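What follows is a single structure, written as structure tokens, with notes after it.
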Amino acid sequence: MINIILGTRPEIIKLSPIIRKLEEKNIDFKIIHTNQHYSKNMDKIFFEELNLPNPDYNLNIGSGNHGEQTGKMLINIEKVLLKEHPDIVMVQGDTNTVLAGALTASKLKIKVAHVEAGLRSFDKSMPEEINRTLTDHISDYLFAPTENAKNNLLREGIKENKIYVVGNTIVDATLENLKIAENNDKAISFFNSIADEDYFLLTLHRAENVDNKERLFKIIKNILDITKIYDYKIIFPIHPRTKKRLLEFNLYDRLKNNKKIKIIEPVGYLKFLLLEKNASLILTDSGGVQEEACILRVPCITLRDNTERPETVEVGANILVGDNKDKLIKSIDIMLSKKRLWNNPFGDGKSGEKIINIVFDIR
Ligand code: UD1
Ligand code: UDP
């Protein structure tokens, strides 16, 4: 029996192809939701849209400092695992939920499967880098999306026979759900109501960008400056962490009062895919959004100094600009005239199936 542990928006989205396959194949599984994300449009909306079964356990952990949040998760996940006795625990990505799920399982000698293993930004100041590195080192099945990710793991001494290069389940999720979105009346009418002229799509939530007042100030100033140079609207579905910080640092109104910037609440996956697919350009610091932009052949500019998704840069789909205004403007010019011809480096959209076949030894 397998227990899937998830807690945040990207984990729900990226595990959805695996959960669908488990259902299709009638394999026994349970979902343990830490509720690291709990606002409706960061959580429930994805279960509904992606047609996922309700979690078997909601641990109601919510937000908190890293130690507090991760500690509460360890205590509560352990109780469930002691009751359920799964053979395998599966986690995806690099959040506190992932580290807590993998660590609890590993202490109980339950096998750990890590989906999206081997990503490295080589920046240990990011909480995600710590979470993903530690999780990889206590995992039994490491599902690396690319050869590059596999090589990161081999360099750290992880045994090759535990590593499987299977692509990234985000390709499965993007391709499957884009088709659904393009036929979904609600998503289409939302899109038509908001995207009435050419636009850049913006997302921002990384702690190193939004929790640092000086850096956030610079990034927001850059965004305001580009509205004076380019004749594009900027659509900004705002992550709750970012909204909180912008309000705290008195920056929210400066964005809100700019006529070319449209701040909206975070949206469901179908609406977001339409916004991505039809954007002239995507500006982001999100991991998943860098991948989706690359898959959908929409040019991306990443507002970070590094990325654990270097494949997107290598194929020409993404440029890193950090908080540097000159680099940002140069990159916008490059990306707006770019031919969208790159190949998707993250696999063929069958990662979910491959992962299930490996874990359950289905030939
Ligand atoms: C977390 C992950 C990050 C991932 C992101 C996906 C960690 C350390 N970080 O960051 O890697 O990219 O999820 O979105 O695990 N909040 C709400 N409602 C919610 C969730 C959060 O209002 O449903 C607000 C709270 O004020 C909270 C803040 O957002 O304090 C941050 O939430 P948290 O889960 O700690 O981190 P994220 O920034 O969401
Ligand atoms: N996403 C969404 N609605 C939004 C913003 C993002 O559905 O308003 C999706 C997006 O398509 C991607 C995922 O959320 O699949 C990325 O999540 P996030 O940026 O929060 O986390 P990260 O990938 O950086 O960990």
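The values are calculated or read from the model by the stated rules, or taken from the named source; none is laboratory data. Just so it is clear, the model here is predicted, and its values are computed rather than measured. Every residue, glycine as well, gets a Cβ built from its backbone with ideal geometry; the counts of neighbours run over all protein chains shown.
General remarks:
- For the stretch 294-309, the set of residues classified as in contact with a strand residue (DSSP E or B) (Cβ under 7 Å, 6 or more places away or on another chain) and over 21 Å from Glu147 (Cβ atoms) consists of Val298, Pro299, Cys300, Ile301, Thr302, Leu303, Arg304, Asp305, listed by residue number.
- Evaluated against (1) more than 18 Å from Glu11 (Cα to Cα); (2) touching a Lys or Arg at 6+ places or on another chain (Cβ under 9 Å); (3) part of a strand (DSSP E or B), Leu142 falls short on exactly one condition, (1).
- Listing of helices (runs of 4 or more DSSP H) fully contained in the stretch 1-92 that carry 3 or more residues being surrounded by fewer than 18 Cβ atoms within 10 Å (Cβ to Cβ) and more than 15 Å from ligand 2 (Cβ to nearest atom): 66-84
- Residue list for the stretch 200-212, restricted to those being in contact with an Asp or Glu (Cβ under 9 Å, 6 or more places away or on another chain) and over 23 Å from Thr95 (Cα atoms): Leu201
- Count of the stretch 160-217 residues which are over 30 Å from Lys124 (Cα atoms) and part of a helix (DSSP H, G or I): 17
- For the condition at pLDDT 95 or above and either aromatic (Phe, Trp, Tyr) or within 14 Å of ligand 1 (Cβ to nearest atom) (or both), Leu274 does not qualify.
To keep it simple, each residue is scored yes or no on (1) within 16 Å of the chain's Cα centre (by Cα); (2) surrounded by fewer than 22 Cβ atoms within 10 Å (Cβ to Cβ).
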| residue | (1), (2) |
| --- | --- |
| Leu204 | yes, no |
| Thr227 | no, yes |
| Ile238 | yes, yes |
| Phe249 | no, yes |
| Arg254 | no, yes |
| Glu265 | no, yes |
| Cys294 | yes, no |
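Here's the yes/no breakdown for (1) assigned to a helix (DSSP H, G or I); (2) more than 23 Å from Ile45 (Cβ to Cβ); (3) away from ligand 2 (no atom under 11 Å from the Cβ):
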| position | (1), (2), (3) |
| --- | --- |
| Asn222 | yes, yes, yes |
| Lys244 | yes, no, yes |
| Pro266 | no, no, no |
| Ala279 | no, no, yes |
| Glu291 | yes, no, no |
| Asn306 | no, yes, yes |
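- Within the stretch 237-257, tally of residues that are away from ligand 1 (no atom under 15 Å from the Cβ) and either among the β-branched types (Val, Ile, Thr) or within 28 Å of Thr8 (Cα to Cα) (or both): 5
- For the stretch 315-339, filtered to residues that are within 28 Å of Val115 (Cβ to Cβ) and in a loop (DSSP other than H, G, I, E, B), the residue that is nearest to the chain's Cα centre (by Cα) is Ala317.
- Scanning the stretch 121-140 for residues that are within 16 Å of Leu103 (Cβ to Cβ) and away from ligand 1 (no atom under 16 Å from the Cβ) turns up His137, Ile138, Ser139, Asp140.
- No other residue among Ala113, Ala102, Ala149 is in a helix (DSSP H, G or I), surrounded by 24 or more Cβ atoms within 10 Å (Cβ to Cβ), more than 16 Å from ligand 2 (Cβ to nearest atom) and in contact (Cβ under 8 Å) with a residue 24 or more places away in the chain apart from Ala102.
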